[in-house]
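Report on the following structure.
Read-outs: derived from the displayed coordinates by stated rules, not from any lab. In this text the structure is predicted, and so the values were computed from the model without any measurement. Here Cβ is always computed from backbone atoms with ideal geometry, including for glycine, and neighbour counts include all displayed protein chains.
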Amino acid sequence: MPLYDYRCEQGCGEFRAFRPMAESSRPAPCPQCDRPAARTLAAPMLAGASPGWLGAPPA
Ligand SMILES: [Zn+2]
């Protein structure tokens, strides 16, 4: 399942979540405040395609 970047507009900042591709354009619930957060424009990274994402800074 692809990993997408989201940004919570309630002040929680960015987070990443695995989402089905069909739901990638829909907001994901923020893990901190549970409000919908919009996806950022970063290109989706397929899980397992590149192990380097763990060390990549969020911004
Ligand atoms: Zn939040």
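Counting Lys +1, Arg +1, Asp -1, Glu -1, what net charge surrounds Leu3 among other residues with beta carbon under 9 Å of its beta carbon?
Once positives and negatives cancel, what remains is +1.
Mind putting together the pair-distance distribution for region 3-42? All Cα pairs, 10 Å bins, whole percent per bin, short to long.
That works out to 37, 57, 6, in percent per bin.
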